[in-house]
Amino acid sequence: MSTTTLAFRPGEGRAQGRAPAPQLPASRSVTLSFDDNQLLPLLYGEHDRHLSRIEMRLGVRLGSRGNRLTITGTPERTEVAEAALADLWQRLQKGEHVGTAEVEAAMRMAEGVQEADPRLPLQDIPAIRTRKGAIAPRSPAQAAYMDMLARSEMVFGIGPAGTGKTYLAVAQGVALLQAGRVDRIVLSRPAVEAGERLGFLPGDMKEKVDPYLRPLYDALHDMMPAEQVKRRMEAGEIEVAPLAFMRGRTLAHCYAILDEAQNTTPAQMKMFLTRMGEGSRMVVTGDPTQVDLPPGQSSGLAEALSILDGVEGIAIARFAERDVVRHPLVGRIVAAYGRADATAARSRGGRGRAGMETDGTGK
């Protein structure tokens, strides 16, 4: 792929020294040339769907002719579109799939690089490698989080649903297990009802707690073949258990994940964190805005973040609505709820939903 760049500023004449029209923004055109016509339909998407998505989100114009694609827009947006398209083209050249999710990810990553997002380790974009393939970040926040998972012994991943906190934590655990760097993975969640009254569940203990732990099973099966998951669970190399089962244990040479940590009490959180043994790593994930504890009960996650902030050896990754990597509408839903919470807090003198969620007593 080659690039030809032409710059044009609307309102600027040919004569030297003529000032541009200040009310019109600068415009830039970049022409990209691709050397494999068979990959172009995959880059453009069915009925140019991928190009339309890039135009809509970045506010640029894309025009194709043969194996050449011209990007026109403000210099900043044109640079983002160029970087995103270059990333997608490299994926296709490696034989990787490019769909709507990959297009969105490429734009998020390109925007993060342009903004010099401090969470993004620009020199070496990380990847988590499992036997089912490499998992690359889909946002600058994910890149920083993956870097923390690789370097730190204890990591907190904090932010809204859909940002990949749990998924990437499980992926890192699977990669370390398959590489022989840990002996086992322990995945845990507090068994707290999220608004529904489930009543008395039939079956043995495993059948009673499995509904609470299903998202962790789903992530595991994305990383490993089903038969390998079953075999490793039977051998004790992978354990999925409710938080209450952690009391009294020492987790040595282990990769432990505590998911939905906003629903822990302070005592439960301290109990889990102090299970850490020799050669172990821990990841704690949660969304402080989705606390399902009874009214008046403070969240162990909120307390831990306050107490442990700045402690050597502990890394904290914070995600926002712009980091949501599910359907784009999910990010807008999260942002809308955030605005509603902020408005409620102001109207109630700081004691609305947002205020309660800050100290972990709200739902």
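Rule-based calculations on the coordinates, nothing more; no lab input. Only a predicted model underlies this, so the values are computations on that prediction, with no experimental measurement involved. Counting neighbours? That spans all protein chains shown, and the Cβs are built from the backbone with ideal geometry, glycine included.
What to note about this one:
- Highest mean first, the peptides 175-187, 251-263, 46-58 sorted by other C-beta atoms within 10 Å per residue fall in the order 251-263, 175-187, 46-58.
- Against the empirical curve 2.2 N^0.38 Å, the C-alpha radius of gyration of the range 231-332 lands at a ratio of 1.21.
- Here the extension length gained between Arg348 and Arg68 equals 95.1 nm, from 0.36 nm per residue of separation less the Cα-Cα distance.
- One decimal place: the segment Ala267-Asp48 gains 73.4 nm when fully extended, by the rule 0.36 nm per residue minus the C-alpha distance.
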